[in-house]
Every structure is written in structure tokens, then in C-alpha cells.
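> The structure is given below, and queries will be raised subsequently.
The values are calculated or read from the model by the stated rules, or taken from the named source; none is laboratory data. Since this is a predicted model, take the numbers as computed values, not measurements. Every residue, glycine as well, gets a Cβ built from its backbone with ideal geometry; the counts of neighbours run over all protein chains shown. The accessibility values were calculated without ligands, DNA or RNA, using every heavy atom of the protein model including side chains. Shrake-Rupley method; radii C 1.70, N 1.55, O 1.52, S 1.80 Å.
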Amino acid sequence: MSMESNYYVIAGYDLTGYETDKFDKWRWTEEGENYINNQCKGEIQFFDDPMSGSYLYFGYVLADGDEYGFDTEMFDVSDIEQCSGKVKSELVKLQEMGIITKDPHFNPVFKIIVFEECR
């Protein structure tokens, strides 16, 4: 069995441990799949560790590639600031739906997250 490596740069949140019990069922709905199956530049997506489930990231995909190609990407800090509002509004929507924890003490930090995903 061979593994494929994918690389992502996202502007978003580490939501590891903040998914609710509804998340697992919701992810297989049409709406959930739209947040999980379009992991390419320009989309707001969830990323969960397919091998061990050790993370749950949510954010705007700034760059993506794989072991065969990863194009150089450049973006201005203002681009990142702009997408922060979009991602935050999507997160609020998911909280209202009960997919992500809606707790007054939950205050995730917006970050640039760079990671490899192996499948």
C-alpha cells in the first residue's frame, strides 16, 4: 500500500477537540462534504488527520500541493486579514448549527497553519 502526501497552507483555526458529537454524522451530509472534500486553494475547508485523527483544522486554503508539485505562492498580509473575516463567519455558522463547540470560553486564535497530510 502506498501513501500519498499532500501539503497545505491555510489561514484559520486549530479546532482540535472542539467538534461536537454532531460533527461525525454531519460530515457525511452534502453540506459537510462541501467543507471536507474541496481541499484546494481558495476554499474554506476542514482538515482532519485521516491516519490518526489527531487534529482538526478549519480555514481558507492559501496554497496546496502534493509530493509531485507544490507551486510557489505569494500573498499579501492584507489578503490573510480579508479571509479571516470569511473564515470567522463560517465558524460562527458552524457553532450555531452545533457542529463546533459554542462556549463563551472558547476563543480560538486565527493562525497560518502549514502541514502535510498523508493518505
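> Taking chymotrypsin sites (Phe, Trp or Tyr not before Pro) that fall in a DSSP loop and have at most 10 other Cβ atoms within 10 Å as cut points, what is the longest piece of the chain between them? The partial results should precede the final answer.
Numbers: sites that count: Trp28, Tyr68.
After excluding every exposed loop site, the longest remaining stretch is 69-119.
> Something else about it: Please list, in order along region 104-119, the HN-Hα scalar couplings obtained from phi with the Karplus expression 6.51 cos²θ - 1.76 cosθ + 1.60 (θ = phi - 60°), rounded to whole Hz, x for Gly and Pro.
Working through the residues one at a time gives x, 8, 7, 9, x, 9, 6, 9, 8, 10, 10, 7, 10, 10, 10, 10 Hz.
> Give, to the nearest whole percent, the P(r) tail of region 1-57 beyond 13 angstrom, counting all Cα pairs. All intermediate terms of the calculation are to be shown ahead of the outcome.
Details: 1070 of 1596 pairs.
Counting pairs separated by more than 13 Å, the tail of P(r) holds 67 percent.
> Hey, another quick one. Rounded to the nearest 500, what is the 222 nm mean residue ellipticity of the chain from helices alone, with -39500 (n - 2.57) per DSSP H run of 4+ residues and division by all residues?
Theoretical 222 nm ellipticity from helices: -8000 deg cm²/dmol.
> Sticking with this one: For Gln95 paired with Glu81, estimate the spin-label separation in nm (one decimal), with each label point 7 Å from Cα along the Cα-to-Cβ line.
2.3 nm
> Search the structure for amide H atoms under 5 Å from the amide H of Lys41, placed 1.01 Å from N in the peptide plane, and list their residues when 5 or more places away or on another chain.
Those qualifying (amide H under 5 Å, at least 5 residues apart or on another chain) are Asp64.
> If you rank Arg119, Arg27 by how much accessible surface each has, with a 1.4 Å probe, what is the order from largest down? Working shown, then result.
Numbers: Arg119 125, Arg27 35 Å².
From most accessible down to least: Arg119, Arg27.
> Once you place label points 7 Å from the Cα toward the Cβ at Glu30 and Glu73, how far apart are they in nm?
Using points 7 Å along Cα→Cβ, the separation is 2.8 nm.
> Compute and list, largest first, the equivalent-ellipsoid semi-axes of region 5-118 from the alpha carbon gyration tensor, each √(5λ) rounded to a whole angstrom.
Details: eigenvalues 101, 60, 29 Å².
In descending order the semi-axes read 22, 17, 12 Å.
> Short version: ³J(HN,Hα) in whole Hz for each residue of region 75-91, in order, from phi by Karplus 6.51 cos²θ - 1.76 cosθ + 1.60 (θ = phi - 60°), x for Gly and Pro, what are they?
8, 7, 4, 5, 5, 5, 4, 4, 6, 4, x, 5, 5, 4, 5, 5, 5
> Here is a follow-up. Compute the accessible area per residue over region 5-118, keeping the other protein chains in place, probe 1.4 Å, unit Å². Could the numbers behind the result be given before it?
Details: 6640 Å² over 114 residues.
In whole numbers, region 5-118 has 58 Å² accessible per residue.
> With no solvent and one equal point scatterer placed on each C-alpha of region 59-115, evaluate the Debye formula and give log10 I(q)/I(0) for q = 0.29 Å⁻¹, two decimals.
Evaluating at q = 0.29 Å⁻¹ gives log10 I(q)/I(0) of -1.24.
> Decide, for region 33-90, between rounded, prolate and oblate: order the square roots of the alpha carbon gyration tensor eigenvalues as a ≥ b ≥ c, take rounded if a/c falls under 1.5, and otherwise choose prolate if a/b is larger than b/c, else oblate. The partial results should precede the final answer.
Values: a/c = 2.07, a/b = 1.16, b/c = 1.79.
Because a/c hits 1.5 or more and a/b fails to exceed b/c, region 33-90 counts as oblate.
> What percentage of the solvent-accessible surface of the chain, computed with a 1.4 Å probe over protein heavy atoms, is contributed by carbon and sulfur atoms? Write out the running numbers ahead of the final one.
Working: 3500 of 7260 Å².
C and S fraction of accessible area: 48 percent.
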